[in-house]
Amino acid sequence: MKAKNKEIQENEIDIKIEDFCSRLDLEVLHKGSREFMHISTFNINRPGLQLAGYYEHFSAERVQVIGEMETAFLKTLPIEKRLETVEKLFRYDFPCLVISTVLEPGEEIMQCAVKYDRVVLRSKLRSTMIMNELSIFLNELLAPTETIHGVLVDIYGVGTLLIGKSSIGKSETALELIQRNHRLVADDAVSIKRVSDRLIGSSPSIIRYFMEVRGIGIIDIRQMYGIGAVKLTKTIDMVVKLETWDEEKEYDRMGDVKEFYTILDVELPMYTIPVKPGRNLAAILEVAARNHRLKDLGYDTLAELDRRIRASHEDD
């Protein structure tokens, strides 16, 4: 089953240089006239081959990282050759150049940064460490994103995405779960990112911590229930579809029917819960979350029942 009511965003972004540096603890050596830089790939490049003159397969769209080896190589070159080498690199419009290990950038680099209006940053970390940090951050930043209509709650550590038609009771069920000491991540709109093979859900910032309760209006969950009642992000582990009880439909009673819900090409286990007056949906979802955790730990209730039945027959 495919996710509906969705809005998929391109995985390219313009990020403020100030925010980029703040997240990675980078020092700005030169940013010129720019406030933003365009990031289109999570791949990173160390331009050692380019400094040696090889540009046939140069990926200028990547963040460039220069470390001790590149700096040492540049120092072996005569001054005129060094300037020519650096200038050739800076003619390419790369997002930024990061110098690792608090190395001094050298006059040639700073001259070319000014001349070509390039962003030059510096890290306290050694090359391998800053490249790891960059890779993690850029993967999160550029992760494919999808926004869907639903509610995301953390129930016993299980990220549970509630979907269903408008007015089926998703928000009211989430409110009851909050009163049972579970946590709200997002109501009405859930922003989902695929990071590796995990789906990370959050709320759009403009409606974060807010919930719509019909008959009352918009409420602020954090202000009403405290910071412990909300969570910024949560990995989505399962999907619960709420639907109006259909007397003619045969619902799963044994747990042997497997349904899946696909978001950003990731399949999640889905449970269809029929809604009718008198059903305690919050309690049912708590059971679903606990049962999901048991399955993750390798416990299969249906298999255990089958084992007991077989053992009973053998005793007879």
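Can you find even one residue in the stretch 80-102 that is of a type in the set (A, V, I, L, M, F, W, C), in a loop (DSSP other than H, G, I, E, B) and more than 27 Å from ILE136 (Cβ to Cβ)? No, there is no match, as no residue in the stretch 80-102 is of a type in the set (A, V, I, L, M, F, W, C), in a loop (DSSP other than H, G, I, E, B) and more than 27 Å from ILE136 (Cβ to Cβ).
The residue that is surrounded by the fewest Cβ atoms within 10 Å (Cβ to Cβ), among those in the stretch 183-211 that are among the charged types (D, E, K, R) and in contact with a Ser or Thr (Cβ under 6 Å, 6 or more places away or on another chain), is ARG198.
Considered as a group, the residues in the stretch 189-241 that are hydroxyl-bearing (Ser, Thr, Tyr) and not in a loop (DSSP other than H, G, I, E, B) include one that is nearest to THR160 (Cα to Cα), and that residue is THR235. Put simply, of VAL153, VAL98, VAL119 the only residue that is within 30 Å of the chain's Cα centre (by Cα) and either hydroxyl-bearing (Ser, Thr, Tyr) or closer than 30 Å to LEU281 by Cα (or both) is VAL153.
Only one of the numbered conditions (1) modelled with pLDDT under 95; (2) open to solvent by 30 Å² or more (accessible area, probe 1.4 Å) is not met by ARG180, and that is (1). Would you be able to say whether some residue in the stretch 115-125 is touching a His at 6+ places or on another chain (Cβ under 9 Å) and either modelled with pLDDT under 95 or of a type in the set (S, T, N, Q) (or both)? No, the conditions are met nowhere in the stretch 115-125. Of all residues in the stretch 274-316, those satisfying the criterion of being of a type in the set (A, V, I, L, M, F, W, C), open to solvent by less than 40 Å² (accessible area, probe 1.4 Å) and touching a strand residue (DSSP E or B) at 6+ places or on another chain (Cβ under 8 Å) are VAL275, LEU281, LEU285, ALA288, ALA289. Kindly evaluate TYR271 against the criterion of being aromatic (Phe, Trp, Tyr), modelled with pLDDT under 90 and either part of a loop (DSSP other than H, G, I, E, B) or open to solvent by 30 Å² or more (accessible area, probe 1.4 Å) (or both). In short, no. Residues in the stretch 87-137 that are without any contact (Cβ under 8 Å) to a residue 60 or more places away in the chain and among the charged types (D, E, K, R): GLU87, LYS88, ARG91, ASP93, GLU104, GLU107, GLU108, LYS115, ARG126. Residue pairs whose Cβ atoms lie under 9 Å apart, sitting 6 or more positions apart in sequence or on different chains, and linking a residue in the stretch 270-291 that is closer than 17 Å to HIS182 by Cβ to a partner that is assigned to a helix (DSSP H, G or I) and modelled with pLDDT under 90, are ASN291/THR301. Across the stretch 206-240, what is the number of residues that are within 29 Å of GLU267 (Cα to Cα) and either touching a Gly at 6+ places or on another chain (Cβ under 6 Å) or polar (S, T, N, Q) (or both)? The qualifying residues number 5.
The values are calculated or read from the model by the stated rules, or taken from the named source; none is laboratory data. Source: prediction; values computed, not measured. Cβ sites come from the backbone with ideal geometry, for glycine too, and all protein chains shown count toward neighbours. These accessible areas exclude ligands, DNA and RNA; they are computed on the full protein's heavy atoms, side chains included. Shrake-Rupley method; radii C 1.70, N 1.55, O 1.52, S 1.80 Å.
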